[in-house]
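Peer 1: Before I ask anything, let me first share the structure, which is written out below as structure tokens.
The values are calculated or read from the model by the stated rules, or taken from the named source; none is laboratory data. Here the structure is a predicted model, which is why all the values come from computation and not from measurement. Every residue, glycine among them, receives a Cβ derived from its backbone with ideal geometry; neighbour counts consider all protein chains shown. Heads up: the accessible areas ignore ligands, DNA and RNA and are worked out on the full protein's heavy atoms, side chains in. Shrake-Rupley method; radii C 1.70, N 1.55, O 1.52, S 1.80 Å.
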Amino acid sequence: MTTSTMAKSSASLDRSRAYCERLTRQYARNFYYGLRLLPAQKRASMYALYAWMRLVDDIADHEDGRGLEARAEQLEQWRADTHAVLDRGPDAAGAYAVRADSADVWPAFYDMATRHGVPRLCFDEVIAGQHQDLRPMRLQTFDELEQYCYRVAGVVGLASIHVWGFEGGRETEELAVKRGLAFQLTNVLRDVREDAARGRLYLPVEEIERHFAVEDLLAGRVSAARAEPFFAEQVARAQRAYAESASLDASVSADSRPTLVAMTEIYRGLLTKIAQRPGRVLTERVSLSLWTKLRIGWRATRAAKRSS
């Protein structure tokens, strides 16, 4: 590679990383405050991972008049571009772009995936999860919900620990998937009102119907008080997923541990707030204040320094 080619490649990577950081800062919300605690190189890689995930999500969810068939075709175009980039480098991506500037993701994405050896299945599973999101969601059982959570969150946890560095092999990978499940179950509870308004229902139908009719939930005819027992059961399941993945924290690299701890505490904080009055998810979108998130990040960094 010539000096001028190397300089051009470096400039392209820098521009791509800046693009991914802007996208993450704009959309990531809860994740962004944890990612800022990483060392610079790992932080850039996580921004690239998030940006790729965000663009895939936009294909499935962004309301711009496209029909379901067009969205499904575009997801497959994105999969083909992803495979081409992983096989042959960032210049191998085709002409398809999610939005005008989305082609800027590829140099940083390629660097992230190849530098850290992120398994290709992570990207294929995320796209499979987005295909599920194309149509009104009705999951009948928890097994179906768990598979969906694996696709949209479990494999994100798996990809993340490859960026961060970890020990413990397959056991740690399974813990990362379980932590992703915990995060996504928290998301499902937090977003239940918004999802229902869009005709989507991620909670298991067979469990809902033990308490009230699914159509009543979708139509907003279930009161918060009546919903308390059902949502308390769902909170307990998410809490078990956090507990069962507790040993993950000690298995990731020390320089990345504050990020994992902070992200976990933010999501557990949301779940704890929901647990105080589980039925509130039908009347409001539970969130944590900016100050709370910053305080969690500060505590995570202090704790990591004390344990190192």
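Peer 1: List the aspartates and glutamates whose alpha-carbon lies under 17 Å from that of Lys293, not counting same-chain residues fewer than 8 positions away?
Peer 2: Reachable aspartates and glutamates: Glu265.
Peer 1: How much of the accessible area of the range 69-191, in percent, comes from carbon and sulfur atoms when a 1.4 Å probe is used?
Peer 2: Accessible surface attributable to carbon and sulfur in the range 69-191 totals 46 percent.
Peer 1: To continue, here is another question. With runs of 4+ DSSP H residues as the only contributors, calculate the mean residue ellipticity of the chain at 222 nm using -39,500 (n - 2.57) per run, divided by the residue total and rounded to the nearest 500. Don't skip to the answer; put the middle values down first.
Peer 2: Details: 15 runs with 213 residues, N = 308.
When only DSSP H runs of four or more count, the value is -22500 deg cm²/dmol.
Peer 1: For the range 266-279, take each phi angle, set θ = phi - 60°, evaluate the Karplus expression 6.51 cos²θ - 1.76 cosθ + 1.60, and give the result in whole Hz per residue in order, putting x for glycine and proline.
Peer 2: Taking θ as phi minus 60°, the curve returns 5, 5, 5, x, 4, 5, 4, 5, 5, 4, 5, 8, x, x Hz for the range 266-279.
Peer 1: Among Val222, Thr292, Ser247, pick out the residue whose Cα is farthest towards the positive end of the charge dipole of the range 212-308, where Lys and Arg carry +1 and Asp and Glu carry -1 on C-beta, about the Cα centre.
Peer 2: Result: Thr292.
Peer 1: Quote the convex hull volume per residue of the range 89-138, based on C-alpha atoms, as a whole number of Å³.
Peer 2: 96 Å³
Peer 1: Taking the chain as a Gaussian network, Cα atoms linked when under 10 Å apart, which of Gly199, Gly129, Gly65 shows the biggest mean-square fluctuation?
Peer 2: Gly65
Peer 1: Using the Cα atoms of the chain, I'd like the radius of gyration and the largest Cα-Cα distance, Dmax, both in angstrom.
Peer 2: Just the Cα atoms of the chain yield Rg and Dmax of 19.9, 69 Å.
Peer 1: What is the set of long-range amide H partners of Arg200 at a cut-off below 5 Å, with H atoms built 1.01 Å from backbone N?
Peer 2: Long-range HN contacts for Arg200: Met137.
Peer 1: Follow-up question, since we're still on this one. Identify which of Val163, Val155, Val85 has the largest mean-square fluctuation in a Gaussian network model of the chain, with springs joining Cα atoms closer than 10 Å.
Peer 2: Its mean-square fluctuation being the largest, the pick is Val85.
Peer 1: Using a Gaussian network model of the chain whose springs link C-alpha atoms within less than 10 Å, name the residue from Lys273, Lys178, Lys42 with the highest mean-square fluctuation.
Peer 2: Residue with maximal mean-square fluctuation among Lys273, Lys178, Lys42: Lys273.
Peer 1: Moving on to the next point. Semi-axes of the range 26-156's equivalent ellipsoid from the Cα gyration tensor, sqrt of 5 times each eigenvalue, largest first, rounded to whole Å?
Peer 2: Semi-axes (√(5λ), whole Å): 23, 19, 14.
Peer 1: Additional query: Tabulate in residue order the Karplus-calculated ³J(HN,Hα) for the range 285-297, using 6.51 cos²θ - 1.76 cosθ + 1.60 with θ = phi - 60°, rounded to whole Hz; enter x for Gly and Pro.
Peer 2: 9, 6, 8, 10, 6, 4, 4, 4, 5, 5, 5, 4, x
Peer 1: Which value, in Å² and to the nearest 10, is the accessible area of Ser10 when all protein chains are kept and the probe is 1.4 Å?
Peer 2: Counting only protein heavy atoms, Ser10 exposes about 60 Å² to solvent.
Peer 1: Only four residue types carry charge here, +1 at the Cβ of Lys and Arg and -1 at the Cβ of Asp and Glu. Report the dipole size of the chain about the Cα centre in Debye, rounded to the nearest 20.
Peer 2: Values: 44 positive and 41 negative charges, 314 e Å.
Using only the charged Cβ atoms, the result is roughly 1520 debye.
Peer 1: Quickly rank 213-225, 183-195 as a protection proxy: mean count of other C-beta atoms within 10 Å, highest first.
Peer 2: Values: 213-225: 14.0, 183-195: 21.2.
Output ranking for 213-225, 183-195: 183-195, 213-225.
Peer 1: Still on this structure: Where does the range 125-233 land on Rg/Rh, using Cα atoms and the Kirkwood Rh?
Peer 2: Taking Rh as the inverse mean 1/r over Cα pairs, Rg/Rh reads 1.04.
Peer 1: Shape of the range 187-308 from its Cα gyration tensor (a ≥ b ≥ c, root eigenvalues): rounded if a/c is under 1.5, otherwise prolate when a/b > b/c, or oblate?
Peer 2: Here the range 187-308 falls in the prolate category.
Peer 1: Tell me, what is the per residue accessible area of the chain in Å², probe radius 1.4 Å?
Peer 2: Value returned for the chain: 46 Å² of accessible area per residue.
Peer 1: What residues have an amide H closer than 5 Å to that of Phe166, excluding those fewer than 5 places away on the same chain, when H is modeled at 1.01 Å from N in the peptide plane?
Peer 2: Ser253
Peer 1: Compute the Cα gyration tensor for the range 6-62, then decide on rounded, prolate or oblate, letting a ≥ b ≥ c be the square roots of its eigenvalues: rounded whenever a/c is under 1.5, prolate when a/b is larger than b/c in the other cases, and oblate in all that remain. It would help to have the intermediate numbers written out before the result.
Peer 2: Working: a/c = 2.69, a/b = 1.29, b/c = 2.09.
Note, shape of the range 6-62 comes out oblate.
Peer 1: Enumerate the calculated ³J(HN,Hα) couplings along the range 84-100 in order (Karplus 6.51 cos²θ - 1.76 cosθ + 1.60, θ = phi - 60°), each rounded to whole Hz, writing x wherever the residue is Gly or Pro.
Peer 2: Calculated HN-Hα couplings, in order: 4, 5, 4, 7, 10, x, x, 6, 7, 4, x, 7, 5, 9, 5, 9, 4 Hz.
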